[in-house]
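The values are calculated or read from the model by the stated rules, or taken from the named source; none is laboratory data. None of the values given here were measured: they were computed from a predicted structure. Every residue, glycine among them, receives a Cβ derived from its backbone with ideal geometry; neighbour counts consider all protein chains shown.
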Amino acid sequence: MSKKNVEAAYKLACERYAELGVDAEAAIKRLLQIPVSLHCWQGDDVRGFENPEGDLTGGIQATGNYPGRARTPEELRGDLDFVFSLVGGTHRVNVHACYAEFEKGKKVDRDELQPEHMKNWIAWAKRNRLGMDFNPTLFSHPRFDGFSLASRNRKNREFWIRHTAATRRIAAAIGRALGSPCVNNVWIPDGFKDIPADRETPRRLLSEALDACFAEPMNPKHMLDAVESKLFGIGAESYTVGSHEFYMGYAVKNQKVLTLDAGHFHPTETIADKLSSCLLFVPEILLHVSRGVRWDSDHVVIVSDELVAIAQELVRLNQFKRIHIGLDYFDASINRIAAWVIGVRAMQKALLYALLEPLTAMRDAEKAGDYTSRLAWLETAKTMPFGAVWDKFCADEDVPLDTAWLGEVKSYEANVLSKR
Ligand code: RNT
Ligand code: ZN
């Protein structure tokens, strides 16, 4: 579509939205201020750089073998650079500890990681004006015995405590260097395939282990601790140590950031409804926006009803400073760059859609007890010219429209990915 047509369609759209009391220009401005944290692990199927040829060895799984995954830090950052050229707005990058880099012959195990092992990521983020988030990697490692921080094996458990403590120092160094707090998210796969005889001991061990991990005081200006629950995992169907109740309790008691992953609840539960409750009791929330299909399948995020519900709740709560938006999925069955681009753009589209809803009219109707009008307004929004505003956002950000980015990804595939 020509620039002229984008502008013409946008002008008409602004007039239509104004009739509903909605300021489309203000919606675009607000969208520009909402950072989305891009997960680096979509680019290489969560493999990391410790053992690049090796497969994942436990606790997490990616499916698919589409060619062209990033094999080195340079390839991964290069792919991310390309993704950033296709998405507008403000962003952060979310990196796992297993993406640390070592000089030749100087590899250390995860419990000895230092900020210097992330220096290339930090320098790259700085150059690109990106914030960064971080995660201890508590899976795919010989010390993972089906359990990590909740392991009954004291040596293993202490190894994972040292690792998590090390990542907090790294996260603080990242946050200090980039001038923006780095959220360090703890997720563990620990659990049992079959019915446990003792559900309590692993949870007590986890609670004590977390206390040990978090013992060193950190400046919240530099880093924030987050904890992520899960309902079940493959091979841990009957019992997951770090359940929602566990971490909700832990985060409330210790005032930690609570991570809500859209794929980590029963399929009919939506995290959208959880935000307003959690925010009353925990200081901040980290979202892992994902798309479960029947289970926590980590499908690429699209503009689904669930995503729109999350975005609506974010806009209605209007507490963007307390809610960090991160993406978390890994699809190795399609072009990985496209997977990133579709997911980030979907998140932004859902936010823009929510920012363009006639919220004042809906709230007025609700206050007056007029639920008929509230429902009617909700439906009216669905046929408004949302796409014209989205195109204008993309055009202003100098990124391709929805009709054009795929062509660029296909060329990148032909020129870069297919040579790997
Ligand atoms: C796994 C969790 C976790 C991971 C990342 C890689 O079910 O969602 O957040 O996806 O740490
Ligand atoms: Zn997650």
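Scanning the stretch 260-269 for residues that are within 16 Å of ligand 1 (Cβ to nearest atom), out of contact with any Gly (no Cβ under 9 Å at 6 or more places or on another chain) and part of a loop (DSSP other than H, G, I, E, B) returns His266, Glu269. Screening the stretch 333-346 for residues that are among the hydrophobic types (A, V, I, L, M, F, W, C) and more than 16 Å from ligand 1 (Cβ to nearest atom) and picking the one that is nearest to the chain's Cα centre (by Cα) gives Val344.
Is it the case, given these coordinates, that Glu228 is in contact with a strand residue (DSSP E or B) (Cβ under 9 Å, 6 or more places away or on another chain), buried (at least 17 other Cβ atoms within 10 Å of the Cβ), closer than 21 Å to Glu200 by Cα and of a type in the set (Asp, Glu)?
Working: in contact with a strand residue (DSSP E or B) (Cβ under 9 Å, 6 or more places away or on another chain): yes; buried (at least 17 other Cβ atoms within 10 Å of the Cβ): yes; closer than 21 Å to Glu200 by Cα: yes; of a type in the set (Asp, Glu): yes.
So Glu228 fits the description; yes.
Can you pull out the residues in the stretch 220-245 that are of a type in the set (Asp, Glu) and within 16 Å of His324 (Cβ to Cβ)? Residues satisfying the conditions are Asp225, Glu228.
The residues listed here are Val300, Val293; of these, the one that is surrounded by fewer than 19 Cβ atoms within 10 Å (Cβ to Cβ) and within 16 Å of ligand 2 (Cβ to nearest atom) is Val293.
Going by the conditions given, is Pro189 crowded, with 20+ Cβ neighbours inside 10 Å and more than 16 Å from ligand 1 (Cβ to nearest atom)? Show your work before the answer.
Numbers: crowded, with 20+ Cβ neighbours inside 10 Å: yes; more than 16 Å from ligand 1 (Cβ to nearest atom): no.
For Pro189, the condition - crowded, with 20+ Cβ neighbours inside 10 Å and more than 16 Å from ligand 1 (Cβ to nearest atom) - is not met.
Restricted to the stretch 327-342, and to residues there that are away from ligand 2 (no atom under 16 Å from the Cβ) and not hydrophobic (A, V, I, L, M, F, W, C), the residue that is surrounded by the most Cβ atoms within 10 Å (Cβ to Cβ) is Arg336.
Among the residues of the stretch 252-276, those identified as farther than 26 Å from Val308 by Cβ and either without any contact (Cβ under 8 Å) to a residue 40 or more places away in the chain or away from ligand 2 (no atom under 16 Å from the Cβ) (or both) are Val252, Lys253, Asn254, Gln255.
Would you tally the residues in the stretch 182-212 being within 16 Å of ligand 2 (Cβ to nearest atom) and in a helix (DSSP H, G or I)? Before you say what the answer is, go through the steps one by one.
Pass one, the stretch 182-212, residues within 16 Å of ligand 2 (Cβ to nearest atom): 183-191.
Right, trim to in a helix (DSSP H, G or I) and you get none.
Counting residues in the stretch 182-212 that are within 16 Å of ligand 2 (Cβ to nearest atom) and in a helix (DSSP H, G or I) gives 0.
Whenever a residue of the stretch 201-212 is under 14 Å from Val186 (Cβ atoms) and modelled with pLDDT under 95, it has no partner that is of a type in the set (Lys, Arg) and surrounded by fewer than 17 Cβ atoms within 10 Å (Cβ to Cβ) lying with C-beta atoms less than 8 angstrom away and at least six residues away or across chains. Only one entry of Phe159, Phe144 meets the criterion of being over 30 Å from Ala125 (Cα atoms) and either more than 16 Å from ligand 2 (Cβ to nearest atom) or out of contact with any Pro (no Cβ under 8 Å at 6 or more places or on another chain) (or both), and that entry is Phe144.
Would you confirm whether or not the stretch 349-362 contains a residue that is at pLDDT 95 or above, away from ligand 2 (no atom under 16 Å from the Cβ), surrounded by fewer than 19 Cβ atoms within 10 Å (Cβ to Cβ) and in a loop (DSSP other than H, G, I, E, B)? Within the stretch 349-362, not a single residue is at pLDDT 95 or above, away from ligand 2 (no atom under 16 Å from the Cβ), surrounded by fewer than 19 Cβ atoms within 10 Å (Cβ to Cβ) and in a loop (DSSP other than H, G, I, E, B). Could you give me the residue pairs with C-beta distances under 9 Å whose first residue belongs to the stretch 317-332 and is under 18 Å from Leu130 (Cβ atoms) and within 16 Å of ligand 1 (Cβ to nearest atom), whose second residue is among the aromatic types (Phe, Trp, Tyr) and not in a strand (DSSP E or B) wherever it lies, and which are 6+ apart or on separate chains? Pairs that qualify, where the first residue is under 18 Å from Leu130 (Cβ atoms) and within 16 Å of ligand 1 (Cβ to nearest atom) and the partner is among the aromatic types (Phe, Trp, Tyr) and not in a strand (DSSP E or B), are Leu327/Trp340; Asp328/Trp41. Look at the stretch 171-191: where a residue is more than 21 Å from His91 (Cα to Cα) and of a type in the set (A, V, I, L, M) and a partner is in a loop (DSSP other than H, G, I, E, B) and more than 14 Å from ligand 1 (Cβ to nearest atom), sitting 6+ places away or on another chain with Cβ atoms under 7 Å, you get Ile188/Ala150. Every condition in (1) buried (at least 24 other Cβ atoms within 10 Å of the Cβ); (2) in contact with a Phe, Trp or Tyr (Cβ under 6 Å, 6 or more places away or on another chain); (3) part of a helix (DSSP H, G or I) holds for Asp111 except the one numbered (1).
Table: residues versus (1) buried (at least 16 other Cβ atoms within 10 Å of the Cβ); (2) more than 14 Å from the chain's Cα centre (by Cα).
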site	(1), (2)
Asp261	yes, no
Phe265	yes, yes
Thr268	no, yes
Leu275	yes, yes
Leu280	no, yes
Leu287	yes, no
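Taking the stretch 211-259 as the range and being within 16 Å of ligand 1 (Cβ to nearest atom) and aliphatic (A, V, I, L, M) as the test, the residues that pass are Leu224, Ala226, Val227, Leu231, Ile234, Ala236, Val241, Ala251, Val257, Leu258.
Only one entry of Lys119, Lys106 meets the criterion of being surrounded by fewer than 17 Cβ atoms within 10 Å (Cβ to Cβ) and in a loop (DSSP other than H, G, I, E, B), and that entry is Lys106. For the stretch 145-175, the candidate set comprises residues that are among the charged types (D, E, K, R) and not in a helix (DSSP H, G or I); within that set, the residue that is farthest from the chain's Cα centre (by Cα) is Arg152.
From the residues in the stretch 231-251 that are within 15 Å of ligand 2 (Cβ to nearest atom) and polar (S, T, N, Q), which one is surrounded by the fewest Cβ atoms within 10 Å (Cβ to Cβ)? Here the answer is Ser243. How many residues does the stretch 363-394 hold that are over 26 Å from Val289 (Cβ atoms), assigned to a helix (DSSP H, G or I) and among the small types (Gly, Ala, Ser)? Count: 3.
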